[in-house]
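Visitor: Handing you this structure, nothing more for now.
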Amino acid sequence: MSDNQKTYLVLPHFQAGLLSPEDLEQLAHLARKYQIPKTKITGAQRVAFLGMEPEALEALKVEMQIPETPPHTRNRVHYVQACPGSTWCQFGQGDALGLGELIKQIELEGPLPYKVKVGISGCRFCCCESWIRDVGLTAEKKGWRFSFGGNGAGRPRIGDLVAEGLSDDEAMALVTKTLNYYLHTAKFKTRSARFMERFGIEALQKAVLG
């Protein structure tokens with residue numbers, strides 16, 4: 001993407017801030033090859049290359065097979081943000097990274113109305129700000145707590161609690177069912193926060209919990 005001759009590219013292959021030694025080596029190789037001035041971990045836990053020449057930007061897209069189509073038009077969520085969870089954090093009650101990998105693979109029944117951001121927090125400290133994500137999952141001793149319709153932008157909104165005490169499989173199934181309901185019901189370019197303001201939590205729970 002470009003704006004006032006300033007280029008940047010968010011790499012879709014790296015999500016949830018989890019990078020292996022091989023990933024770091026690949027990023028360093030690409031940064032040198034394309035003379036990228038700056039590499040940044042974004043607020044969404046993704047990797048961004050900043051300040052490339054336009055020609056280098058296009059060549060990098062080709063090499064990494066990055067499609068021009070926005071993620072929300074490809075039957076998938078926009079991005080998944082996850083904390084270290086029980087795998088790496090002493091406070092973790094659930095495997096946030098593991099659940100994040102599963103949610104990234106969800107194949108929906110059609111393209112979403114607009115981008116959907118997922119925040120998965122391994123405990124009630126909620127480091128991934130799950131309450132203000134379209135899809136928010138927070139681990140508690142009794143299981144996952146699932147909220148929907150959060151937003152942290154210009155019109156911030158706390159997501160509505162859909163269900164709690166969910167296992168990994170139950171959380172996956174309910175997130176999938178909720179997103180399919182949203183994509184079939186909401187108008188094009190309607191974020192989940194605005195959708196929930198119009199339809200309300202009772203209508204959503206009736207549709208997805210039955």
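Every read-out reported here was derived from the displayed coordinates using simple, explicitly stated rules and does not represent laboratory data. Because the structure is predicted, anything quoted here is derived from the model rather than measured. Note: ideal-geometry Cβ built from the backbone for every residue, glycine included; neighbour counts use all protein chains shown.
Visitor: Which residue, of L209, L174, is under 22 Å from G110 (Cβ atoms), in contact with a strand residue (DSSP E or B) (Cβ under 8 Å, 6 or more places away or on another chain) and crowded, with 16+ Cβ neighbours inside 10 Å?
Guide: Exactly one of L209, L174 is under 22 Å from G110 (Cβ atoms), in contact with a strand residue (DSSP E or B) (Cβ under 8 Å, 6 or more places away or on another chain) and crowded, with 16+ Cβ neighbours inside 10 Å, namely L174.
Visitor: In addition: Answer yes or no as to whether E129 is farther than 13 Å from M172 by Cα and surrounded by fewer than 15 Cβ atoms within 10 Å (Cβ to Cβ).
Guide: Taking the combined requirement at face value, the residue does not satisfy it.
Visitor: Which condition number in (1) surrounded by fewer than 21 Cβ atoms within 10 Å (Cβ to Cβ); (2) part of a loop (DSSP other than H, G, I, E, B) is the one that V62 fails?
Guide: (2)
Visitor: Is it the case that some residue within the stretch 69-80 is touching a Cys at 6+ places or on another chain (Cβ under 6 Å) and closer than 26 Å to K189 by Cα?
Guide: Scanning the stretch 69-80, I find no residue that is touching a Cys at 6+ places or on another chain (Cβ under 6 Å) and closer than 26 Å to K189 by Cα, so the answer is no.
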